[in-house]
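The values are calculated or read from the model by the stated rules, or taken from the named source; none is laboratory data. Just so it is clear, the structure is predicted and the values come from calculations on it, not from any experiment. Quick reminder, even Gly has a Cβ in these numbers, built from the backbone with ideal geometry, and neighbours come from all protein chains shown. These area figures cover heavy atoms from the full protein model, side chains too; ligands, DNA and RNA do not enter into them. Shrake-Rupley method; radii C 1.70, N 1.55, O 1.52, S 1.80 Å.
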Amino acid sequence: MLTTAPKDIRENVARAVGHLHRDEPERALACMSEALRRLAGIRLRRAARDGLRADINTFLADLVRHPRMRALLAPENAENPKSLALEQGKELPLATVLDGLAKIFRNEAENNVEGKIRENLERKKSLLANALESLSAGQMARGRAFLLRVADEFSAEDGIFLQLAQIFSAAGLQEDAALMYEKAIKAHPREATAHAGAIAAWTELGEYERAEQAYRAVLRTFGGHPSTYGKMAGMYLRWGRPAEAREAARHALKEDPRQADALKAMEALAQKGADGMPEGKENDQ
C-alpha cells in the first residue's frame, strides 16, 4: 500500500486543472480520465487517497461550472447543473463518464467546424452567383465588386485566385484577370495555367513591359523552352521591338528549327526589315 500517489497520477490531475483553467475542457477531461483509470489500479493509504480525492473533486466542481458543461449538464437550468464527484471505489465509472463527456465535446467541435465549412461554401456560392449574374447583365462594376469580395474573404482557399482570374478573363476584365493571375502565381509559383493567363492578359492590354516580366518569370521557373521564346518573339513584334523579337526567335529556332511562332516572327522581320518595324500590333498572334 502506497503512502503517496504515484507521480504520473498527480501530474495528470495537475494537467487537467491547468487545461480547464485555460478553457480546454476536452483535454482536461482526457487527463483526468487517465488519472482515474490509473488510480483504480493501485492501493493508497487513506490520507493519500483522501487528499487526492479532494483535488479531483475540486476539479470536478470547477468542471460543472464551466459554461459548456453547464449547458450540457443542465440545458434548461444552467444555474443548477448536475454534480460530479468521486466516490470511494468508483474511479472507473467516473472515468467512463468523463470519456463520454469528452466525446460529446469532440462531436460538438466537429459539427461546429462542418457547419462553418458549409456556411462558408454557401457564402462563396452566393457571391459567385451574384457576380456571374451581374456580369451577364452587363453590370461589370457590380460583378467585379462581388469577385473582389470573394478574393478577399476566401484568399486562404487553394486555387481561388486562379478561378477568379479565369472568370475575370472570360468577362473581358483583363487587368483584373492579370492581377489575379499574378496572385495565383505567388501562391503557386509553378502553376503553368496562371503564368499563361497573366501573359495573355497583359499582352491583350498592350502592357508589354508587364507581359515581358511575365515571360521572364516563366523562363526563371520552367526554363527556356522553344515555344516560350517563340511566343516572346511574337510579343516583341507587337511591341515594336524587332531586335528583341529576332533574339527571342533565334533562341527558339536554335532548340527547335521548326518552332512555328519563331518562324512566323522571322518571316515578319524579313518582310519589314529589322529597322523598319512599325510600332503597335503589326503582327497579331
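Values computed for the structure shown
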read-out	value
Boolean, Ala131 is open to solvent by less than 30 Å² (accessible area, probe 1.4 Å), part of a helix (DSSP H, G or I), over 30 Å from Ala217 (Cα atoms) and in contact (Cβ under 8 Å) with a residue 40 or more places away in the chain	no
Residues that are within 15 Å of Ile167 (Cα to Cα) and either among the hydrophobic types (A, V, I, L, M, F, W, C) or open to solvent by less than 50 Å² (accessible area, probe 1.4 Å) (or both), drawn from the stretch 113-128	Lys124, Leu127, Leu128
All positions within the stretch 4-16 that are of a type outside the set (Gly, Ala, Ser), closer than 23 Å to Arg46 by Cβ and touching a helix residue (DSSP H, G or I) at 6+ places or on another chain (Cβ under 6 Å)	Thr4, Ile9, Asn12, Val13
Only listed residue being at negative phi, charged (D, E, K, R), surrounded by 15 or more Cβ atoms within 10 Å (Cβ to Cβ) and modelled with pLDDT under 90, chosen from Arg45, Arg37, Arg65, Arg53	Arg53
Residues that are over 25 Å from the mean Cα position of the chain (by Cα) and within 18 Å of Leu205 (Cα to Cα), drawn from the stretch 132-169	Met140
Selection within the stretch 68-79 - closer than 22 Å to Asn107 by Cβ and modelled with pLDDT under 75	Arg70, Ala71, Leu72, Leu73, Ala74, Pro75, Glu76, Ala78
Complete set of residues in the stretch 80-128 that are among the basic types (Lys, Arg) and in a helix (DSSP H, G or I)	Lys103, Arg106, Lys116, Arg118, Arg123, Lys124, Lys125
Only listed residue being in contact with a Ser or Thr (Cβ under 7 Å, 6 or more places away or on another chain) and either open to solvent by less than 50 Å² (accessible area, probe 1.4 Å) or basic (Lys, Arg) (or both), chosen from Phe154, Phe146, Phe168	Phe146
Matching residues, the stretch 249-267, being surrounded by 16 or more Cβ atoms within 10 Å (Cβ to Cβ), more than 41 Å from the chain's Cα centre (by Cα) and among the charged types (D, E, K, R)	Lys264
Selected residue (criterion: least open to solvent (accessible area, probe 1.4 Å)) from residues of the stretch 233-248 that are farther than 17 Å from Ile199 by Cβ and touching a helix residue (DSSP H, G or I) at 6+ places or on another chain (Cβ under 7 Å)	Pro242
